[in-house]
Amino acid sequence: MGKDKQTLQNDPIHTFTIQSTTNPNLLQAILESSPNVIIFALDTAYEYLAFNHEHKKAMQAIWGKEIEPGLNMLEIISRKDDYQKAKTLFDRALGGEFFVDESEYGDEVLSRKFWQTYYSPIYDDTEQKIIGLTCFNLDISERRNIENQFQLADLALNMITDAVYLFNDKREIIYVNHAACDSLGYSKEELIGKTPFDIDPVITVEALQNIRETIRLKKVKHFESKHKRKDGSVFDVEITTYPYNEGQYGLHIVTNITERKKTEEKLKLLASVFTSAKEGIVITDTKGVIVEANEAYSLITGYSNDEVVGQNAGFLKSDKHDKAFYKNMWNELIRNKYWIGEIWNRRKSGEIFVERLTISAISDSEGKILSYVGLLTDITTGKDYESTLERMAFYDSLTGLPNRLLFAERINQAMMISKRLHSILAVCYLDLDEFKPVNDSFGHNVGDKLLLEISNRMKNHVRESDTIARIGGDEFAILLVNIKSIEECETIITKILDSINEPYILPNNEEVNVTASIGITLYPHDNVPSDILLRHADQAMYLAKESGKNQYIFHN
């Protein structure tokens, strides 16, 4: 249909069909010389004029029928839809139309195949009348199966998020999926025919040769590179190359690893911070078992990484905190997912140190705690400085005893306890007798050593809850708490006086004697403020000196 008669005569196929009625022997020879082509001719009643052996085998395989000249072909076709489809196509050819059609025919049980068929009419010798039709059939079932498989593969490849490229042996792209187009910003038509140099700004000829050799050896290759989008922007990719079709082609699966690279850089940075940080960093599981610690942690604690991994983080406890402290710490950590504070711990050497500790909980996207990270700083030096300042402010630099300021605070605290417990406390003011001559005769260094010895002797005769303070050159104050009676107070003071009265051996082996005068006031019998209590004790001490020294007198 659409070809004129002269064109038909010049067409090899139509030349054959025109001569079909005049030279049957030649026709049969031509038919049997084409083993890969199925050929048959029908008259206007759809009866066989001729067919080759390939067509006879096909009809036997498809319909299970033996054919012979004169047999009506439509009567062999048992499927109704196939019958109608074949009749329609035959009628088009008998109507003078030349055309090509692809159709599926056959019995579902025996065989069902795809055919590509060339239809053309047969004219008589006058070239005026159509007397039949010819069909040249090619079995394209295998090609159709391949095409179907490729369509399924294409569908699958277009569903994955990785970019897929198929390169031929000329390094040209012959296939891409949707992800490849989306990643580079090109259409399929624009990408087909491009080479790796068009999309990879860092690839080299040597690298391509190495890839090609890997493909030829039918091996898989993994490598990282960069791809360049249509807009010129560049991103990191990971490429896996597979050999395809016996190594003739290279199938490249490309993954955008930009985010992974960023994550890797962050991890490298975190690892660098972890290893080089001056603060100790320790990571534990949810039960507090250490899974990793950095070098600074080892330097602070004295334990190597191997020694701490697997240990509970509490193994450094110094016993300076009670169970309630740690319970409150964990409750706050679980509630707030962090805890900040100071903890006294013990190094491997046994030395106690103080650390400022920050513990943070690491949670997943659903808020479930996965692990804990502890950041600790050794602040022992700072604490030592604070302690030094505190001692300078509240303690006597020579004897280490509390000074007047700290003694006043302790009187106030003791007065509050006395009120609550209805107990008695004694405030005593002590002044050494005849200390100045020793100081003048032997020098201040000897005098200082004498004061230290007197301090130690007094401490041996008071209870742990009591306080001895140095409030002047040779003046001391004593606070006795929770006194049950005046007699108990007198017993303690008498022991102190006796211990002071014992002889002292000076560095030059000379023996000296020193005594003391003590004034005492009792609270709440003397119900006055703390500073007045100390003044009353001072007044009583002067009475003791005036009364002959080496004695004590209660304020009345």
**Complete:** Restricting attention to region 238-296, the residues that are more than 30 Å from GLU172 (Cα to Cα) and under 18 Å from the mean Cα position of the chain (by Cα) number exactly 25
**Prompt:** How many residues does region 444-456 hold that are surrounded by fewer than 17 Cβ atoms within 10 Å (Cβ to Cβ) and closer than 30 Å to SER423 by Cβ?
**Reply:** 1
**Request:** Could you list, in sequence order, all residues of region 483-506 that are surrounded by 11 or more Cβ atoms within 10 Å (Cβ to Cβ) and basic (Lys, Arg)?
**Result:** LYS495
**Fill in**
From the option list PHE353, PHE394, single residue qualifying as modelled with pLDDT under 90 and surrounded by 17 or more Cβ atoms within 10 Å (Cβ to Cβ) is PHE353
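Looking at region 208-242 only, could you name the residues that are part of a loop (DSSP other than H, G, I, E, B) and touching a residue at least 12 places away in the same chain (Cβ under 8 Å)? Quick ask: steps written out before the conclusion?
Restricting attention to region 208-242, the residues satisfying the condition of being part of a loop (DSSP other than H, G, I, E, B) are 217-220, 229-233.
Result: LEU217, LYS218, LYS219, VAL220, ARG229, LYS230, ASP231.
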**Message:** For ASP319, only one of the following conditions fails: (1) over 16 Å from ILE283 (Cα atoms); (2) of a type outside the set (Gly, Ala, Ser); (3) in a strand (DSSP E or B). What is its number?
**Reply:** (3)
**Request:** Report the residue count in region 356-378 for those that are farther than 21 Å from GLU292 by Cα and at pLDDT 90 or above.
**Result:** 0
**Prompt:** Does GLU511 fit the bill of being in the same structural domain as CYS428 (by TED's automatic domain parsing) and in contact with a Pro (Cβ under 6 Å, 6 or more places away or on another chain)?
**Reply:** yes
**Request:** Those residues that are in a strand (DSSP E or B), in contact with a strand residue (DSSP E or B) (Cβ under 9 Å, 6 or more places away or on another chain) and acidic (Asp, Glu), I need them from region 84-127; list them, please.
**Result:** ASP101, GLU102, GLU104
**Request:** May I ask you to list pairs of residues, at least six apart or on different chains, whose Cβ atoms are under 8 Å apart, with the first in region 530-556 being closer than 21 Å to GLU487 by Cα and the second being part of a helix (DSSP H, G or I) and among the acidic types (Asp, Glu)?
**Result:** TYR552/GLU490
**Item:** Candidate set from region 119-161 (those that are under 27 Å from ALA58 (Cα atoms), of a type in the set (S, T, N, Q) and within 49 Å of the chain's Cα centre (by Cα)); member that is modelled with the lowest pLDDT
**Value:** GLN149
**Message:** Give all pairs with beta carbons closer than 9 Å in which a residue from region 43-59 that is under 21 Å from GLN84 (Cβ atoms) and modelled with pLDDT of 90 or more meets a residue that is of a type in the set (S, T, N, Q) and in a strand (DSSP E or B); count only pairs at least 6 apart in sequence or on separate chains.
**Reply:** ALA45/ASN72; TYR46/ASN72; GLU47/ASN72; TYR48/ASN72
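The values are calculated or read from the model by the stated rules, or taken from the named source; none is laboratory data. The model shown is predicted, which means the values in this text are computed figures rather than measured ones. Here the Cβ is made from the backbone with ideal geometry for all residues, glycine too, and neighbour counts use every protein chain on show.
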